[in-house]
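What follows is a set of notes on a single structure, which appears directly below.
The values are calculated or read from the model by the stated rules, or taken from the named source; none is laboratory data. As the structure is a prediction and not an experimental result, all values here were calculated from the model. Here the Cβ positions follow ideal geometry from the backbone for every residue, glycine too, while neighbour counts run over all protein chains shown. Accessible surface is based on the protein model in full, side chains and every heavy atom, while ligands, DNA and RNA are left aside. Shrake-Rupley method; radii C 1.70, N 1.55, O 1.52, S 1.80 Å.
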Amino acid sequence: MKIIAHRGLGQAFIDPDSPPENTLPSFAAAWELGAVACELDVQVTSDDKAIVIHDQTTERTTNANWIVAQHTAAELQSLDAGRWKAARWSGTCLPLLSEVIDELPDGRQLYVELKDGPQVVPAAMRAVRDARKSPEQIIFKSFDIDTIAAMKVEMPSYSCFLLVAFQGDVAQGRWNMVYDEGPNFRPVVQPYVEEDVLALLRCYSLDGIDTSFVMPPSLVRLMRDARLELVTWTINDPLVARDLMAMGVEVITTDVPALLTRALT
């Protein structure tokens, strides 16, 4: 089982003692734990830089309430992105994607979630190309089909995954797959039909999907037989992780990588 550390470490409601999420200390802590991979989120700044933050605003994880896209990278990096977690993290900055990649150890991976629309692609692409990391170390993903398709066109040698959520449609007796499309992130809800899932991924030359762990049981076999990759999110319960392992899932994302590593070994 490959375990991906979600936003490094540091979501407050999960682990109050770890560094603040999506910061350099959070990724350093995950690497020190022995994490094989970390996941992070990027937004684009007003001066076209890829900055690491989950939300479109800074209110939840900094000392200001700004819209990320309306400020420069320098302005955003002047904020305190650590004090919300604990006094000892005061002064921690929001990192640029390039800064996180610079600290990426050899043999480890980053799963980069593109939170903006296609406008984030050039900034993220530059950060990766300037760092000269191999395609094996950087994986891109997005809920927006247009964004991840644009990244695959620009960087075809890098793995690109569509993020999806599955919902049980009891009334229709089926599963629905949910993702976004278009500049306004219009939700797409389509019935889970195996051939349609494969057709969608192949239409855009995507390498796999990153899915909610609540999913159709046949999905694992479908992806394996098609030689496509499957990642699941976000699993913090060891019992759920063991169930997924028994289903054949090989990659999971978690807020508690140390706990799941102990439970699954």
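In a GNM of the chain with a 10 Å cut-off on Cα contacts, which of 246, 127, 37 has the highest mean-square fluctuation?
246
What is the magnitude of the charge dipole of segment 119-234 about its Cα centre, with +1 placed on the Cβ of each Lys and Arg, -1 on the Cβ of each Asp and Glu, and no other charges, expressed in debye to the nearest 20?
I would put it at about 320 debye.
Report the FRET efficiency, 1/(1 + (r/R0)^6), for residue 157 and residue 247, where r is their Cβ-Cβ distance and R0 is 30 Å, rounded to 0.05.
Efficiency, rounded to the nearest 0.05: 0.50.
For every other residue with a beta carbon closer than 12 angstrom to the beta carbon of residue 58, add +1 if it is Lys or Arg and -1 if Asp or Glu, then tell me the sum.
In short, -3.
Given springs between every Cα pair under 10 Å in a Gaussian network model of the chain, which of 153, 112, 42 has the largest fluctuation?
Comparing 153, 112, 42 in the GNM, the peak value goes to 153.
Can you tell me the dipole magnitude for the chain around its Cα centre, using point charges on the Cβ only (Lys, Arg +1; Asp, Glu -1), in Debye to the nearest 20?
The dipole of the chain has a size of about 360 debye.
Taking 37 °C and 0.692 mPa s as the conditions, I'd like the Stokes-Einstein D for segment 44-139 in µm²/s, using the Kirkwood hydrodynamic radius from alpha carbon pairs.
Using the Kirkwood radius from Cα pairs, D works out to 235 µm²/s.
log₁₀ I(q)/I(0) of segment 200-265 at q = 0.25 Å⁻¹, via Debye over equal Cα point scatterers, no solvent, to two decimals?
Debye output, listed in q order: -1.08.
Given DSSP loops and a limit of at most 14 other Cβ atoms within 10 Å, what is the longest stretch of the chain that contains no such trypsin sites (Lys or Arg not before Pro)?
Result, exposed sites excluded: 133-226.
As a test of the formula, what do you get for the chain when each DSSP H run with n ≥ 4 contributes -39,500 (n - 2.57) and the sum is divided by the residue count, at 222 nm and rounded to the nearest 500 deg cm²/dmol?
-8000 deg cm²/dmol
In terms of Cα to Cα distance under 23 Å, which lysines are near enough to residue 141, apart from those fewer than 8 places away along the same chain?
2, 49, 115, 133, 152
How big is the charge dipole of segment 1-154 about its Cα centre, in debye rounded to the nearest 20, if each Lys and Arg gets +1 on its Cβ and each Asp and Glu gets -1 on its Cβ?
With only Lys, Arg, Asp and Glu charged at Cβ, the dipole is about 200 debye.
To the nearest Å, what is the center-to-center distance of segment 170-193 and segment 224-265, using C-alpha atoms only?
Here the answer is 24 Å between Cα centres.
Specify which labelled value, from [x] 29, 22, 18; [y] 32, 24, 19; [z] 37, 18, 17, agrees with semi-axes √(5λ) of the Cα gyration tensor in Å derived from the coordinates of the model shown.
[x]
Run through the DSSP bridge list for the chain and note the antiparallel percent, rounded to the nearest 5.
35
Calculate the spin-label point distance for residue 67 paired with residue 130, positioning each point 7 Å from the Cα along the beta-carbon direction, and give it in nanometres.
Going by the 7 Å Cα→Cβ label model, 2.6 nm.
What accessible area per residue comes out for the chain, rounded to a whole number of Å², with a 1.4 Å probe?
Accessible surface, normalised per residue, equals 44 Å².
So which GluC sites (Glu not before Pro) in segment 92-129 are both in a DSSP loop and have at most 16 other Cβ atoms within 10 Å of their Cβ?
Those that pass, being in a loop and sparsely packed, are 103.
Out of the total accessible area of the chain (probe 1.4 Å, heavy atoms of protein only), what percent is carbon and sulfur?
Accessible surface attributable to carbon and sulfur in the chain totals 52 percent.
Place +1 on the Cβ of every Lys and Arg and -1 on the Cβ of every Asp and Glu in the chain, take the dipole about the Cα centre, and give the residue among 77, 124, 264 whose Cα lies farthest towards its positive end.
Most positive-ward Cα: 264.
Extension gain residue 172-residue 108, at 0.36 nm per residue separation less the Cα-Cα distance, in nm?
Roughly 18.8 nm would be gained on extension.
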